[in-house]
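*Asks:* Provided herewith is a single structure, encoded as structure tokens, for subsequent inquiry.
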Amino acid sequence: MKNIRPIMCPNCRALLDSKLDVCEYCHVKLGASPRREPELLSRFVPQENFTTMVILLVNFGMFVATLLMTMKNSEGTGFLMQVDGRVLQSFGAKDAFFIAHGEWWRLITAGFLHAGIFHILMNSWVLLDLGRHSEEVFGTSRFLVIYFVSNFFGFVASLFWSPHAISIGASAAVCGLIGAMIAHGYRTGSSHRSFYMRWAVIIILIGLMPGFRIDNAAHLGGMATGFVIAYFAGVPRYNNPGEFIWKISATTILLVAMYSFYQVYESMTAASLV
């Protein structure tokens, strides 16, 4: 039997049989190329299925940088390539003391740091699959909003639940994507809901197991944020003037993220001069 690769409706984002000419859900004609976006904002928002790879590259870039700094400051990193906690603090980990003194940007940069090779490989494995699927469903602009806002409020939840603990990792944002896919399943009645609810249950159960140092508050906070955003945001629809708002939001978020990483650089530069 020949495998048929499903296609996605450009209007309602439903997965369809590639043999169909018209979407069986929204009745939009299939096969037409999406219109080009001539506006300036489109140059700053990446094309679909590209954003996930950029985030992964940034994560690995930050991991390599923190690993090299750890090796420079100590004898080595060990078999599991563990990053020193002081290095993570200097690179922007969630730390209540510094956040209370104005370094709010740590609620963003913490999501791009990882404690060791196992930590980043696990998060990257999930993000590679989940991120590309989520980006295809929600489009680049909504994907960016869901990812970064879930990351931010995930660490806000962590800040209130465990203010004395240092926290890092992409899992708050990843859980936001899981929450978003669950919301999409609720809205469309697709199998996404049950599939990603199983993911959510597994993550929660792992977090409750003894011996694991997992920030459950960040996971739940990110998941709830992603669910709320996706439930009310819906999916992109072509020729909809409202999509411009999502492009503005995504561009603004990217600028805030760039500013946050610049603050990490400024903070490290200032510390080196002391």
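*Asks:* Filter segment 146-196 for residues that are part of a helix (DSSP H, G or I), in contact (Cβ under 8 Å) with a residue 60 or more places away in the chain and among the small types (G, A, S) and give the result.
*Replies:* Passing the criteria: S150, G154, A157, S158, A172, A173.
*Asks:* Looking at segment 103-125, can you tell me whether even one residue there is acidic (D, E) and assigned to a helix (DSSP H, G or I)?
*Replies:* No, there is no match, as no residue in segment 103-125 is acidic (D, E) and assigned to a helix (DSSP H, G or I).
*Asks:* Just to verify a result, which residue in segment 229-250, among those that are among the hydrophobic types (A, V, I, L, M, F, W, C) and surrounded by fewer than 18 Cβ atoms within 10 Å (Cβ to Cβ), is farthest from A173 (Cα to Cα)?
*Replies:* F244
*Asks:* From the list I202, I253, pick out the single residue that is surrounded by 10 or more Cβ atoms within 10 Å (Cβ to Cβ) and closer than 20 Å to V145 by Cα.
*Replies:* Selected residue: I253, the only one of I202, I253 that is surrounded by 10 or more Cβ atoms within 10 Å (Cβ to Cβ) and closer than 20 Å to V145 by Cα.
*Asks:* Considering G176, G154, G189, G169, which residue is assigned by TED's automatic domain parsing to the domain that holds N59, at positive phi and within 15 Å of the chain's Cα centre (by Cα)? Before the answer, list the steps.
*Replies:* Values: G176 fails: at positive phi; G154 fails: at positive phi; G189 fails: within 15 Å of the chain's Cα centre (by Cα).
Being assigned by TED's automatic domain parsing to the domain that holds N59, at positive phi and within 15 Å of the chain's Cα centre (by Cα) holds for just one of G176, G154, G189, G169, which is G169.
Residues checked against (1) over 21 Å from V54 (Cβ atoms); (2) under 16 Å from the mean Cα position of the chain (by Cα); (3) not in a helix (DSSP H, G or I):
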{"position": "R198", "(1), (2), (3)": "yes, no, no"}
{"position": "V201", "(1), (2), (3)": "yes, no, no"}
{"position": "I214", "(1), (2), (3)": "yes, no, yes"}
{"position": "H219", "(1), (2), (3)": "yes, yes, no"}
{"position": "V228", "(1), (2), (3)": "yes, yes, no"}
{"position": "I245", "(1), (2), (3)": "yes, no, no"}
{"position": "I248", "(1), (2), (3)": "no, no, no"}
{"position": "I253", "(1), (2), (3)": "no, yes, no"}
{"position": "M258", "(1), (2), (3)": "no, yes, no"}
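*Asks:* Also: Given the criteria touching a Cys at 6+ places or on another chain (Cβ under 9 Å) and either of a type in the set (A, V, I, L, M) or assigned by TED's automatic domain parsing to the domain that holds I229 (or both), does A183 qualify?
*Replies:* No; evaluated as a whole, the condition is false for this residue.
The values are calculated or read from the model by the stated rules, or taken from the named source; none is laboratory data. Just so you know, these numbers come straight off a predicted model, no measurement behind them. Quick reminder, even Gly has a Cβ in these numbers, built from the backbone with ideal geometry, and neighbours come from all protein chains shown.
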